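Let me begin by presenting the structure, written as C-alpha coordinates, before commenting on it.
The values are calculated or read from the model by the stated rules, or taken from the named source; none is laboratory data. These numbers come from a predicted model, not from an experiment. We place every Cβ from the backbone using ideal geometry, glycine too, and count neighbours over all the protein chains shown. What goes into the accessible areas is simple: the full protein's heavy atoms, side chains included, and nothing from ligands, DNA or RNA. Shrake-Rupley method; radii C 1.70, N 1.55, O 1.52, S 1.80 Å.
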Amino acid sequence: MRIILLLFLFIFANAKTMIATYYAKYGIFGTIAKAEGVFEYNATNYKIYTLSKALGIAAVLSKHMVQTYSSIGIIKNNRLIPSAYISTRKKGNNFYKRIYLFDHKNKKITRLKYKNSKLEANETLAYYTPDDVLSLYFNLPYYLKQQKKSIYTFYALGGRKKDGKIDVTFPKGKELKRVKKALDAKGICIKANLYNKVFAGDKGILYLVIEPKNWVTLKGMVKNVLKIGDLKGGIEKLTIKQAP
(Lines give C-alpha, C1' and ligand atoms only; values in the text may rest on other atoms or scores of the structure.)
Protein backbone atom coordinates (compact mmCIF):
# COMPACT_ATOMS: atom_id res chain seq x y z
CA MET A 1 0.00 0.00 0.00
CA ARG A 2 2.81 2.46 0.82
CA ILE A 3 4.39 1.93 -2.59
CA ILE A 4 1.10 2.58 -4.37
CA LEU A 5 0.52 5.76 -2.35
CA LEU A 6 4.04 7.01 -3.03
CA LEU A 7 3.52 6.56 -6.75
CA PHE A 8 0.65 9.01 -6.60
CA LEU A 9 2.20 11.63 -4.31
CA PHE A 10 3.82 13.65 -7.09
CA ILE A 11 0.51 14.44 -8.81
CA PHE A 12 -0.81 16.33 -5.76
CA ALA A 13 1.63 19.25 -5.84
CA ASN A 14 -1.30 21.63 -6.38
CA ALA A 15 -3.92 19.76 -4.40
CA LYS A 16 -6.53 20.82 -1.90
CA THR A 17 -6.62 18.72 1.26
CA MET A 18 -9.38 18.15 3.83
CA ILE A 19 -8.47 16.37 7.07
CA ALA A 20 -11.19 15.42 9.56
CA THR A 21 -10.85 13.64 12.91
CA TYR A 22 -13.76 11.78 14.52
CA TYR A 23 -14.78 9.97 17.70
CA ALA A 24 -17.15 7.01 18.07
CA LYS A 25 -19.15 6.36 21.25
CA TYR A 26 -21.17 3.31 22.20
CA GLY A 27 -23.59 3.34 25.12
CA ILE A 28 -22.08 2.87 28.56
CA PHE A 29 -18.66 2.09 27.06
CA GLY A 30 -18.04 5.71 26.08
CA THR A 31 -15.51 6.47 23.36
CA ILE A 32 -14.52 3.20 21.71
CA ALA A 33 -12.69 4.47 18.61
CA LYS A 34 -10.94 7.41 17.00
CA ALA A 35 -10.70 7.95 13.27
CA GLU A 36 -9.16 10.25 10.71
CA GLY A 37 -10.18 10.88 7.13
CA VAL A 38 -8.10 12.64 4.48
CA PHE A 39 -9.40 13.75 1.07
CA GLU A 40 -6.79 15.21 -1.26
CA TYR A 41 -7.51 16.26 -4.82
CA ASN A 42 -6.61 18.54 -7.71
CA ALA A 43 -8.17 19.03 -11.13
CA THR A 44 -7.34 15.54 -12.40
CA ASN A 45 -6.54 13.17 -9.52
CA TYR A 46 -7.64 12.28 -6.00
CA LYS A 47 -6.84 10.09 -3.03
CA ILE A 48 -8.96 9.33 0.03
CA TYR A 49 -7.48 7.74 3.14
CA THR A 50 -9.20 6.75 6.38
CA LEU A 51 -7.75 5.27 9.56
CA SER A 52 -9.56 4.05 12.67
CA LYS A 53 -8.20 2.78 15.97
CA ALA A 54 -10.11 0.91 18.66
CA LEU A 55 -9.85 2.38 22.17
CA GLY A 56 -10.59 1.25 25.71
CA ILE A 57 -12.52 -1.98 26.13
CA ALA A 58 -13.02 -2.14 22.36
CA ALA A 59 -9.25 -2.21 21.90
CA VAL A 60 -8.89 -5.06 24.37
CA LEU A 61 -11.69 -7.12 22.80
CA SER A 62 -10.43 -6.51 19.24
CA LYS A 63 -6.75 -7.08 20.03
CA HIS A 64 -6.02 -3.38 19.49
CA MET A 65 -7.36 -3.40 15.96
CA VAL A 66 -6.35 -0.70 13.50
CA GLN A 67 -8.07 -0.42 10.12
CA THR A 68 -7.38 1.70 7.06
CA TYR A 69 -9.22 2.21 3.77
CA SER A 70 -7.87 4.04 0.74
CA SER A 71 -9.26 5.00 -2.65
CA ILE A 72 -6.98 6.34 -5.40
CA GLY A 73 -7.98 7.43 -8.87
CA ILE A 74 -8.71 10.19 -11.36
CA ILE A 75 -11.29 12.94 -11.64
CA LYS A 76 -13.18 13.24 -14.91
CA ASN A 77 -16.20 15.46 -15.56
CA ASN A 78 -16.42 16.23 -11.81
CA ARG A 79 -16.64 12.52 -10.93
CA LEU A 80 -14.17 10.41 -8.97
CA ILE A 81 -13.15 7.28 -10.86
CA PRO A 82 -11.22 4.82 -8.66
CA SER A 83 -8.18 2.95 -9.95
CA ALA A 84 -7.43 1.14 -6.70
CA TYR A 85 -9.14 0.51 -3.37
CA ILE A 86 -6.96 -0.75 -0.50
CA SER A 87 -8.03 -2.01 2.91
CA THR A 88 -5.78 -3.07 5.77
CA ARG A 89 -6.49 -4.51 9.19
CA LYS A 90 -4.01 -5.06 12.02
CA LYS A 91 -5.32 -7.32 14.76
CA GLY A 92 -2.95 -8.68 17.35
CA ASN A 93 0.11 -10.00 15.54
CA ASN A 94 -1.67 -10.41 12.22
CA PHE A 95 -1.79 -7.90 9.39
CA TYR A 96 -4.29 -8.31 6.57
CA LYS A 97 -4.32 -6.34 3.33
CA ARG A 98 -6.73 -6.36 0.38
CA ILE A 99 -5.90 -4.51 -2.84
CA TYR A 100 -8.71 -4.09 -5.38
CA LEU A 101 -7.71 -2.98 -8.90
CA PHE A 102 -10.40 -1.54 -11.18
CA ASP A 103 -10.42 -2.31 -14.89
CA HIS A 104 -13.22 -0.01 -16.03
CA LYS A 105 -12.66 -0.71 -19.72
CA ASN A 106 -13.24 -4.45 -19.33
CA LYS A 107 -15.62 -4.02 -16.37
CA LYS A 108 -13.81 -6.19 -13.87
CA ILE A 109 -12.17 -5.86 -10.46
CA THR A 110 -9.12 -7.87 -9.39
CA ARG A 111 -8.53 -8.60 -5.71
CA LEU A 112 -5.14 -9.37 -4.15
CA LYS A 113 -5.31 -10.84 -0.64
CA TYR A 114 -2.33 -10.70 1.71
CA LYS A 115 -1.75 -11.96 5.23
CA ASN A 116 1.42 -10.86 6.99
CA SER A 117 2.88 -9.71 3.64
CA LYS A 118 2.29 -13.12 2.01
CA LEU A 119 0.07 -13.21 -1.09
CA GLU A 120 -2.76 -15.67 -0.46
CA ALA A 121 -5.03 -15.04 -3.44
CA ASN A 122 -5.17 -13.24 -6.78
CA GLU A 123 -8.74 -13.37 -8.06
CA THR A 124 -11.36 -11.58 -10.13
CA LEU A 125 -14.54 -10.57 -8.31
CA ALA A 126 -17.82 -12.04 -9.50
CA TYR A 127 -19.18 -8.54 -10.11
CA TYR A 128 -18.06 -5.10 -11.29
CA THR A 129 -18.90 -1.69 -9.87
CA PRO A 130 -17.81 1.77 -11.05
CA ASP A 131 -17.20 2.98 -7.47
CA ASP A 132 -15.89 1.95 -4.10
CA VAL A 133 -17.65 3.20 -0.95
CA LEU A 134 -15.21 6.09 -0.51
CA SER A 135 -15.46 7.42 -4.07
CA LEU A 136 -19.23 6.89 -4.00
CA TYR A 137 -19.57 9.08 -0.91
CA PHE A 138 -17.91 12.06 -2.60
CA ASN A 139 -19.67 11.30 -5.90
CA LEU A 140 -23.12 11.50 -4.32
CA PRO A 141 -23.64 15.23 -5.07
CA TYR A 142 -22.83 14.51 -8.74
CA TYR A 143 -25.12 11.46 -8.94
CA LEU A 144 -28.00 13.11 -7.09
CA LYS A 145 -28.06 15.95 -9.63
CA GLN A 146 -28.63 13.47 -12.43
CA GLN A 147 -31.93 12.17 -11.10
CA LYS A 148 -34.61 12.77 -8.48
CA LYS A 149 -35.99 9.71 -6.72
CA SER A 150 -37.25 8.67 -3.32
CA ILE A 151 -34.71 5.83 -3.22
CA TYR A 152 -31.35 5.97 -4.97
CA THR A 153 -29.66 2.64 -5.70
CA PHE A 154 -25.91 2.52 -6.30
CA TYR A 155 -23.33 -0.23 -6.71
CA ALA A 156 -19.98 0.19 -5.01
CA LEU A 157 -17.22 -2.01 -3.68
CA GLY A 158 -17.93 -2.30 0.05
CA GLY A 159 -21.69 -2.56 -0.31
CA ARG A 160 -23.65 -5.82 -0.49
CA LYS A 161 -21.17 -8.68 -0.75
CA LYS A 162 -22.65 -10.31 -3.83
CA ASP A 163 -22.98 -7.19 -6.00
CA GLY A 164 -22.05 -4.03 -4.08
CA LYS A 165 -25.61 -2.72 -3.80
CA ILE A 166 -26.22 0.36 -1.61
CA ASP A 167 -29.51 2.24 -1.22
CA VAL A 168 -29.54 5.90 -0.22
CA THR A 169 -32.62 7.80 0.96
CA PHE A 170 -33.35 11.13 2.62
CA PRO A 171 -35.27 10.65 5.89
CA LYS A 172 -38.44 12.72 6.21
CA GLY A 173 -41.11 13.47 8.77
CA LYS A 174 -40.87 11.63 12.09
CA GLU A 175 -37.81 9.63 11.05
CA LEU A 176 -35.89 12.82 10.22
CA LYS A 177 -36.89 14.40 13.54
CA ARG A 178 -35.75 11.32 15.46
CA VAL A 179 -32.37 11.23 13.73
CA LYS A 180 -31.67 14.95 14.11
CA LYS A 181 -32.69 14.81 17.76
CA ALA A 182 -30.48 11.79 18.41
CA LEU A 183 -27.49 13.35 16.66
CA ASP A 184 -28.16 16.99 17.58
CA ALA A 185 -26.74 18.30 14.31
CA LYS A 186 -27.79 20.48 11.41
CA GLY A 187 -27.12 19.61 7.79
CA ILE A 188 -28.24 17.20 5.07
CA CYS A 189 -29.42 13.92 6.57
CA ILE A 190 -29.02 10.74 4.53
CA LYS A 191 -29.76 7.12 5.29
CA ALA A 192 -27.57 4.47 3.66
CA ASN A 193 -28.48 0.79 3.57
CA LEU A 194 -25.19 -1.00 2.96
CA TYR A 195 -26.75 -4.49 2.99
CA ASN A 196 -23.57 -5.36 4.82
CA LYS A 197 -23.34 -5.24 8.61
CA VAL A 198 -21.17 -2.43 9.89
CA PHE A 199 -20.88 -4.13 13.27
CA ALA A 200 -22.10 -7.47 14.58
CA GLY A 201 -25.80 -7.35 15.30
CA ASP A 202 -26.79 -4.31 13.28
CA LYS A 203 -28.62 -4.26 9.94
CA GLY A 204 -26.06 -2.33 7.91
CA ILE A 205 -28.08 0.91 8.08
CA LEU A 206 -26.10 4.09 8.59
CA TYR A 207 -27.42 7.61 9.23
CA LEU A 208 -25.20 10.59 8.37
CA VAL A 209 -25.59 14.34 8.83
CA ILE A 210 -23.49 16.13 6.20
CA GLU A 211 -22.31 19.71 5.78
CA PRO A 212 -23.57 20.67 2.30
CA LYS A 213 -20.80 23.21 1.63
CA ASN A 214 -17.96 20.68 1.59
CA TRP A 215 -19.78 17.33 1.92
CA VAL A 216 -17.98 16.48 5.17
CA THR A 217 -19.83 14.22 7.60
CA LEU A 218 -20.60 16.04 10.85
CA LYS A 219 -22.21 13.18 12.77
CA GLY A 220 -23.27 9.60 12.15
CA MET A 221 -25.12 6.74 13.78
CA VAL A 222 -25.54 2.98 13.43
CA LYS A 223 -28.77 1.84 15.07
CA ASN A 224 -29.12 -0.88 17.72
CA VAL A 225 -25.68 -2.48 17.63
CA LEU A 226 -25.77 -5.86 19.42
CA LYS A 227 -29.25 -4.84 20.63
CA ILE A 228 -27.60 -2.79 23.38
CA GLY A 229 -27.65 0.72 21.91
CA ASP A 230 -26.73 3.02 19.07
CA LEU A 231 -23.18 3.60 17.92
CA LYS A 232 -22.72 7.35 17.43
CA GLY A 233 -19.84 9.33 16.02
CA GLY A 234 -19.04 12.96 15.42
CA ILE A 235 -16.42 15.28 14.04
CA GLU A 236 -13.82 16.72 16.41
CA LYS A 237 -11.75 18.81 14.04
CA LEU A 238 -11.73 19.78 10.36
CA THR A 239 -8.67 21.22 8.63
CA ILE A 240 -8.77 22.46 5.05
CA LYS A 241 -5.46 23.16 3.35
CA GLN A 242 -5.35 25.05 0.07
CA ALA A 243 -2.45 24.44 -2.27
CA PRO A 244 0.19 27.21 -2.04
Open item on the list: Under a crude label model (7 Å from the Cα following the beta-carbon direction), how far is R89 from K162 in nanometres?
Closed with: 2.2 nm
TODO: Could you pull out every one of the aspartates and glutamates with an alpha carbon less than 14 Å from that of K186, ignoring same-chain neighbours closer than 8 positions?
DONE: E211
Task: 19 Å Cα-Cα threshold exceeded, pairs from K149/K181; K34/K90; K118/K161; K149/K172 - done: K149/K181; K118/K161
TODO: Quick one: net charge around Y155, please, counting Lys, Arg +1 and Asp, Glu -1 for every other residue with C-beta under 13 Å from its C-beta.
DONE: +1
TODO: Any lysines with Cα under 19 Å of the K105 Cα? List them, leaving off those in the same chain fewer than 8 positions away.
DONE: K76
TODO: Provide the gained length on full extension for the span N122 to K25, in nm with one decimal, where the gain is 0.36 nm per separating residue minus the Cα-Cα distance.
DONE: 31.2 nm
Task: Loop-resident sites, the stretch 88-196, for trypsin sites (Lys or Arg not before Pro), counting at most 13 other Cβ within 10 Å (DSSP) - done: K105, K107, K148, K149, K161, K162, K172, K186
Task: Dipole magnitude of the stretch 30-174, debye to nearest 20 (Cβ charges: Lys/Arg +1, Asp/Glu -1, about Cα centre) - done: 320 debye
Open item on the list: Once the cut-off is 23 Å, how many percent of the Cα-Cα pairs in the stretch 61-182 end up in the long-distance tail?
Closed with: 44 percent
Task: Cα principal axis extents for the stretch 105-161, largest first, Å - done: 46, 24, 19
- [ ] Determine the share of the stretch 70-174's accessible area contributed by carbon and sulfur atoms, expressed in whole percent, with a 1.4 angstrom probe.
- [x] 48 percent
- [ ] Quote to one decimal, in nm, the extra length available between K113 and E36 on full extension: 0.36 nm per residue of separation minus the C-alpha distance between them.
- [x] 25.3 nm
Open item on the list: Let me test this: with uniform point scatterers at the alpha carbons of the stretch 37-119, what is the Debye-based log₁₀ I(q)/I(0) at q = 0.12 1/Å?
Closed with: -0.46
